[in-house]
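Reading through the structure tokens given below for one structure.
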Amino acid sequence: MKFKYNLTAIEILKILGYTKTTQNTIILNNIKIPSMLQEFLNLVGKSSLFSTSDIWVKNTPLIRFLYDDIEEMIEGEKEYLEDDEENECFKFYKLPKDCWNSIVPNYLLIGSDFAGGIVQYGICVTDLDKSDPPVYMNHECDSISEWKLWTDNLSSFLMQVFCDVLLCENYDTAIDVLEEDGWTSEELFENDLLNYQINIDCIPKYKSLYAQDAICGCVYNEEENLLFVIKIDSEKNISGIVYHKQ
């Protein structure tokens, strides 16, 4: 069998049949979002495939800038801020907006944990002109100014999110949505990889957001239209799902 190991999230979308793009160009504050993210969002369109994922696809109106959030927080707490130096917003309240970058750079917010909270993911505005910018993370327990590097590039972040979606760790969303498009799914075990002669070492691997200490990745067999999504846990146990369409 001939396998393709170095898959991108956009390539997987096209394998799954997401080939028609919407014409929804997202521009915020006169700034275009990175072209890779734009293409990814346009390919998915209004599909529910990512409706339970950590990237805002079905809810693209959620995509915004960190400074917009800070402005909203200041507006909501303005009457208490004047004498409350302990408030997270106090230091921003005392500075003009064009000086906020002395505290924290602005970030394009592109996702969060189940679109709710706990963590937010963003791209620094100074990186928005890059073709494959890094993605940063802010945890709700940390200061709003404390952002940590999450993935070295956007393409890795998209694959990380996509692998978790396809593995159905928390929700069966992908299985249900793809079944409607004619895809079947079966559990995958280590022996299956041997039978299919898949070289596990050749698969680029991404840290799972939900399977603790696990890494995951995808490989595709074009001849039989088989998409393998593989998870390797901390004990080196291998499992996953194989998707197939006639």
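The values are calculated or read from the model by the stated rules, or taken from the named source; none is laboratory data. A quick note: this is a predicted structure, and the numbers were derived from the prediction, not measured. Glycine also receives a Cβ, built like all others from the backbone with ideal geometry; neighbour counts cover every protein chain displayed.
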Residue, modelled with the highest pLDDT, within region 26-45, restricted to residues that are surrounded by 11 or more Cβ atoms within 10 Å (Cβ to Cβ) and in a loop (DSSP other than H, G, I, E, B): Pro34
Taking region 205-246 as the region of interest, how many residues are polar (S, T, N, Q) and closer than 18 Å to Glu186 by Cα? 5
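Kindly indicate whether any position in region 137-155 is closer than 27 Å to Ile118 by Cα and part of a helix (DSSP H, G or I).
First pass over region 137-155, keeping only residues closer than 27 Å to Ile118 by Cα: 137-155.
From the residues that got through so far, the ones that are part of a helix (DSSP H, G or I) too are 154-155.
Checking region 137-155: at least one residue is closer than 27 Å to Ile118 by Cα and part of a helix (DSSP H, G or I).
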Just wondering, is there one or more residues in region 107-130 that are within 28 Å of Leu188 (Cβ to Cβ), loosely packed, with under 15 Cβ neighbours inside 10 Å and either at pLDDT below 95 or in contact with a Gly (Cβ under 6 Å, 6 or more places away or on another chain) (or both)? yes
Matching residues, region 162-185, being exposed (fewer than 15 other Cβ atoms within 10 Å of the Cβ) and of a type in the set (Gly, Ala, Ser): Gly182
Give all pairs with beta carbons closer than 6 Å in which a residue from region 136-163 that is aromatic (Phe, Trp, Tyr) meets a residue that is not in a strand (DSSP E or B); count only pairs at least 6 apart in sequence or on separate chains. Tyr136/Trp147; Phe162/Ala9
Looking only at residues that are touching a helix residue (DSSP H, G or I) at 6+ places or on another chain (Cβ under 7 Å) and of a type outside the set (A, V, I, L, M, F, W, C) in region 214-246, which one is surrounded by the fewest Cβ atoms within 10 Å (Cβ to Cβ)? Tyr220
